[in-house]
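Trainee: Attaching a single structure in structure tokens format; questions to follow.
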Amino acid sequence: MTFSDALARFTAVLASVQSLDTLQERLCEACRLLLDADGAVITSETVPDGRTTVAWTQLLSRRLESLQDSSGEGPLIESLATGEVVVGDFSPGTDDDRWPALRREIAALGFTGALIAIPLRSELALRGVLMAHREGLPRGTDPGDARFLGAAVGTAVLQNPAIGAQSHVFAEVLPDRDVVHRATHAVEVAAGVRYEDALALLRAMAFARGEELGTVAAAVVDGRLTLAPPR
């Protein structure tokens, strides 16, 4: 799957969750749906006092995250340390014997299934993790989906000033703010998403293309680039 294909799918899924209140909640739920997971949680290390939980789809997601914090091990912790996608199998009879302390905690909780931890990156090296859980027998995770979410959600969430990114992150946008505004509005209307969601999608495309946000915005305004999903 190409990044463009994944972006089109993600845009369509994001448009379907517009009833949720915040951008973080909508992105988290869109990730859950794209990964065909039962729950998801997004954490960020952009705040001054360490990692924080940005959004989650259900209480079990938070609990599975908390167990990894308390045990000091697990897919989320390993993904933060290595910067790699980490999948843990917690189904009955699995040969996966990593993280014994976490396994005892998860067994006591009664969860069986898989945990998928995807590192979130942005162009400014801000870090976080998207962790999804699937109950029941293990199912494969599309590497293309994982790479896309790591880049797209990392760029969208980790550069959000509401969760810790500083104002200098957005300084490069100021000279192009008019064209960025027009492009964001165009995506907002075409894709059926909120303004801040459309801006998040523009940021994801700029990161993927290795271009400045203003350059991508100009291409959208000129009709040379579209982020809207196919109808």
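Read the figures in this text as sums done on the coordinates, not as results from a lab. Remember, predicted model here, so these are calculated numbers, not experimental data. Using ideal geometry, Cβ is built from the backbone for each residue, glycine included, and neighbour counts are taken over all protein chains shown.
Trainee: Towards the positive end of the charge dipole of the stretch 3-165, with charges on Cβ (+1 Lys, Arg; -1 Asp, Glu), say which of Ala40, Leu137, Phe111 has the farthest Cα.
Mentor: Comparing the listed Cα positions along the dipole, Ala40 ranks first.
Trainee: So, with +1 on the Cβ of K and R and -1 on the Cβ of D and E, and no other charges, what is the size of the charge dipole of the stretch 3-165 about its Cα centre, to the nearest 20 debye? Show your work: numbers first, answer last.
Mentor: On the way: 14 positive and 22 negative charges, 40 e Å.
The calculation lands at about 200 debye.
Trainee: Taking a ≥ b ≥ c as the square roots of the eigenvalues of the Cα gyration tensor of the stretch 177-231, is the shape rounded (a/c under 1.5), prolate (a/b larger than b/c) or oblate?
Mentor: Because its axes are fairly even, with a/c under 1.5, the stretch 177-231 counts as rounded.
Trainee: If you don't mind, another one. Using modelled amide H (1.01 Å from N, peptide plane; none on Pro or chain starts), what sits under 5 Å from the amide H of Leu120, excluding residues fewer than 5 places away?
Mentor: Distant-sequence amide H within range of Leu120: Gly128, Val129, Leu130.
Trainee: Residues with amide H under 5 Å of Gln58's amide H, sequence separation 5 or more or different chain, H placed in the peptide plane at 1.01 Å from N; which?
Mentor: Ala40
Trainee: If you don't mind, another one. Among rounded, prolate and oblate, which fits the stretch 37-110 when a ≥ b ≥ c are the square roots of the eigenvalues of its C-alpha gyration tensor, a/c under 1.5 means rounded, and a/b larger than b/c means prolate?
Mentor: Taking the square roots of the gyration eigenvalues as a ≥ b ≥ c, the stretch 37-110 is prolate.
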